[in-house]
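Q: Just dropping this structure here.
The values are calculated or read from the model by the stated rules, or taken from the named source; none is laboratory data. Just so you know, these numbers come straight off a predicted model, no measurement behind them. In this analysis, Cβ positions are derived from the backbone assuming ideal geometry, glycine residues included, and neighbour counts consider all displayed protein chains. Calculation scope for accessible area: heavy atoms of the full protein, side chains included, ligands and nucleic acids excluded. Shrake-Rupley method; radii C 1.70, N 1.55, O 1.52, S 1.80 Å.
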Amino acid sequence: MLTFAHVSHSFAQQHLFADLNMQFSAPRIQLYGANGSGKTTLLLLAAGLLTPSSGQVLFEQQNVLQPTAKQQIGISASKIQLPEFMSAQALLNFHCHQHQCPVDAVLIDQLALTPFLHTKIADLSLGNYKKLSLLTALLHQPRLLLLDEPFNGLDEASRQVLLQLLDEYPGQVILASHEPLALQHAPLQQIAIEQLKGMAA
Amino acid sequence: MNYWQFRLSCYRHELTQLLAQLKQLSLGLVNLFPLAMPALVMMPLVVLALLADPQTPARQYLTALWAYQLLLHSWLLLQQKAIKAQKVSDYVASLPVSKGRQRMTELGLILYAAHLLLLAPWLMLFGLLLRHASHLISQPILVSLSQFLPIFTLALLSLYYSWAAVYRRYPWLSLLLAPLLMLPFASELTVAQLVGIWLLVIAVEQLMTFHQLPQVNQPRGVVQLQLAADLTTPKAQLLRLVMLLLLLMLADNFLRYSSEVAQPYISSFFSLLMGIC
């Protein structure tokens, strides 16, 4: 379970979250809100990529800033730049080496990325870059999957693959998306980001 | 590919891009001063001998030490983004790697990036310690300390400013203002006193809190626009200031050792260079 305990965070003079206390327990959560409302920041805080100004974010009682917690978290967001000088294959090999997991050729094939594995990341199209980013979040089978606008740039076939994957994923999934989602098996909890901001203690 | 190899690849890629940007500038320098280039490369190593010698006058020691630290700090500051893999920092942060391992990797990259400038003072210090080990044991400790103080200070400050270039905000007080203010009085002080003051300023700098300068909103006119740009990207202006200080130190040394007839011409030349800066 993901827990925000007295979390405050601000950029420059703008306060995004002030003393936020919240437990995310539903297996599928969709965050929605206007552009710039703080959806991506919330996901980055949950992944331990941003350190909150105060308070802490916990996943299964572990601070998400700890490397052991990061082993259990996967994130894909357009804000996270991938090393453009590497090939897709080299990045996936390195990523799986770090997470001590196998490179899942079936998943790569399902997302139709196999023909582009030897392409330099800088030369990938927007859609293929998105797929690679999704793979870096998925391949180590994290217990918490954080996805920021995961359908942006994907073709119809890949969208269907991703939808099915999200539906059947064994861990918790939190995603920020403007699109209405139709999951068949997992119930989806929708949370407005503005609603979270009103949850100060 | 392991974590170290990955970070080294990130560093090399970023450095390749940086070098491409610097290529035009360096080409200009080579065309302007074709014979001075090998001398420029060797200068820090020549200065090392001066800095290790306990007989070096305090003023000369201060200018040489200051120039060395400015050069080392600026060199690493230029590579800061590459060392920290700033472009892919979020991806790096998402990896299950401990803070300790990250810091050790970055320390390795700092050594790799600064190599001779950072390692040479330490190698020289250890070399001298080994060579004079017997004297160190036989003579009074205060005498030994005074003999090794100049080179030990150089090694220590090189380590500190290398670290500061990557992890701290710009040390304008200890690296720019304090040495500049010490310069007129340097001849009246001993090397030990100079070192003491410098270390004290560094300690004070650690305790100081800095407030960000207010941003200039809605710039009107070119001057305000330039001011807004300078406030948002202060690094470029700081590097320019460092260049000016290095030129100032070079001019000081040139004038000190040149004849009175040549001094006005040398002053004019350095004034022109500083004007261009």
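Q: Heavy-atom accessible area of B:TYR160 with all protein chains present, probe 1.4 Å, nearest 10 Å²?
A: It works out to around 40 Å².
Q: In a shell of Cβ-Cβ distance under 10 Å around A:ASP148, excluding A:ASP148 itself, what net charge do Lys and Arg (+1) and Asp and Glu (-1) give?
A: +1
Q: Right, here's the next one. In square nanometres, what is the average projected area of the Cα convex hull of the protein assembly as shown?
A: 29.8 nm²
Q: Okay, moving on. For the range B:3-170, what size does the Cα cloud have along each of its three principal axes, sorted from largest down, in whole Å?
A: Result for the range B:3-170: principal-axis Cα extents of 56, 47, 26 Å.
Q: Another one. Enumerate the calculated ³J(HN,Hα) couplings along the range B:80-97 in order (Karplus 6.51 cos²θ - 1.76 cosθ + 1.60, θ = phi - 60°), each rounded to whole Hz, writing x wherever the residue is Gly or Pro.
A: Along the range B:80-97, the couplings run 3, 4, 5, 5, 8, 6, 4, 4, 10, 4, 5, 5, 4, 5, 7, 7, x, 10 Hz.
Q: Through the Karplus equation 6.51 cos²θ - 1.76 cosθ + 1.60, θ set to phi - 60°, convert the phi angles of the range B:56-71 into ³J(HN,Hα) values in whole Hz; use x for Gly and Pro.
A: Here the 3J(HN,Hα) series is 4, x, 4, 5, 5, 4, 4, 5, 5, 5, 4, 4, 4, 5, 4, 5 Hz.
Q: Now for a different question. Of the peptides B:257-267, A:45-55, how do they stack up when ordered by the mean number of other Cβ atoms within 10 Å, highest first? All intermediate terms of the calculation are to be shown ahead of the outcome.
A: On the way: B:257-267: 10.2, A:45-55: 20.0.
The packing order, highest mean first, is A:45-55, B:257-267.
Q: With unit charges on the beta carbons (Lys and Arg positive, Asp and Glu negative) and the dipole taken about the Cα centre of the protein assembly as shown, which residue among A:THR40, A:ALA69, B:LEU250 sits farthest to the positive side?
A: Checked the options; the winner is B:LEU250.
Q: What accessible area per residue, rounded to a whole number of Å², is obtained for the range A:1-98 using a probe radius of 1.4 Å? Write down the numbers at each step before the final one.
A: Details: 3940 Å² over 98 residues.
Accessible surface, normalised per residue, equals 40 Å².
Q: Now for a different question. Along the charge dipole of the protein assembly as shown, Cβ charges K/R +1 and D/E -1, which of A:PHE94, B:LEU200, A:LEU196 sits furthest on the positive end?
A: Working it through, the farthest residue towards the positive pole turns out to be B:LEU200.
Q: Continuing with the same structure: Using only protein heavy atoms and a 1.4 angstrom probe, determine the accessible area buried between A and B, summed over both sides, in Å² to the nearest 100.
A: The A and B chains share an interface burying roughly 1800 Å².
Q: Quantify, in whole percent, the carbon and sulfur part of the accessible surface of the range B:111-200 (1.4 Å probe; protein heavy atoms only). List each step's numbers first, then the result.
A: Values: 3750 of 4890 Å².
Here it works out to 77 percent.
Q: If you don't mind, there's one more thing I want to ask. Compute the accessible area of each residue in the range A:38-68 twice, once for its chain alone and once with every protein chain present, using a 1.4 Å probe on heavy atoms, and list those whose area falls by at least 30 Å².
A: Listed in order, they are A:LEU49, A:PRO67.
Q: Dipole magnitude of the protein assembly as shown about its Cα centre, charges +1 at Lys/Arg Cβ and -1 at Asp/Glu Cβ only, in debye to the nearest 20? All intermediate terms of the calculation are to be shown ahead of the outcome.
A: On the way: 27 positive and 23 negative charges, 117 e Å.
Dipole size: approximately 560 debye.
Q: While we're looking at this one, here's another question. Can you list the residues, at least 5 places off or on another chain, whose amide H is less than 5 Å from the amide H of A:GLN190, using H built in the peptide plane?
A: Those lying under 5 Å, H to H, from A:GLN190 are A:GLN30.
Q: Ordered by residue, what ³J(HN,Hα) values in Hz, to whole numbers, does the range B:157-165 give under the Karplus form 6.51 cos²θ - 1.76 cosθ + 1.60, where θ = phi - 60° and Gly and Pro are x?
A: The phi angles translate into 5, 4, 5, 5, 6, 5, 5, 5, 4 Hz.
Q: Percent of accessible area on the range A:117-201 owned by carbon and sulfur, 1.4 Å probe?
A: Roughly 51 percent, rounded to a whole number.
Q: Of A:SER177, B:CYS10, A:LEU2, which is farthest on the positive side of the dipole of the protein assembly as shown, counting Cα position, with +1 on Lys and Arg Cβ, -1 on Asp and Glu Cβ, and the Cα centre as origin?
A: Ranked along the dipole, the leading option is B:CYS10.
Q: Moving on. Accessible area per residue, 1.4 Å probe, Å², for the range B:3-170: what's the number?
A: I get 53 Å² per residue for this part.
Q: Just the C-alpha atoms of chain A: what Rg/Rh do they give, with Rh taken as the Kirkwood radius?
A: 0.96
Q: Follow-up question, since we're still on this one. Residues of the range B:72-112 losing 30 Å² or more of accessible surface, assembly versus chain alone, probe 1.4 Å, please list them.
A: SASA drop of 30 Å² or more in the range B:72-112: B:LYS87, B:VAL88, B:ASP90, B:TYR91, B:ALA93, B:SER94, B:LEU95, B:PRO96.
Q: Taking amide H atoms as placed 1.01 Å from N in the peptide plane, list the residues 5 or more away in sequence, or in a different chain, whose amide H sits under 5 Å from that of A:VAL173.
A: Amide H neighbours of A:VAL173: A:ARG28, A:ILE29, A:LEU145.
Q: While we're on this one: Run through the DSSP bridge list for the protein assembly as shown and note the antiparallel percent, rounded to the nearest 5.
A: Close to 45 percent.
Q: Against the longest alpha carbon principal axis of chain A, how many degrees, from 0 to 90 and to the nearest 10, is the axis of helix A:88-99 turned?
A: So the helix axis and the longest Cα principal axis differ by about 50 degrees.
Q: Rounding to the nearest 20 debye, state how big the charge dipole of the range B:3-170 is about its Cα centre with +1 on each Lys and Arg Cβ and -1 on each Asp and Glu Cβ.
A: Value, rounded to 20: 440 debye.
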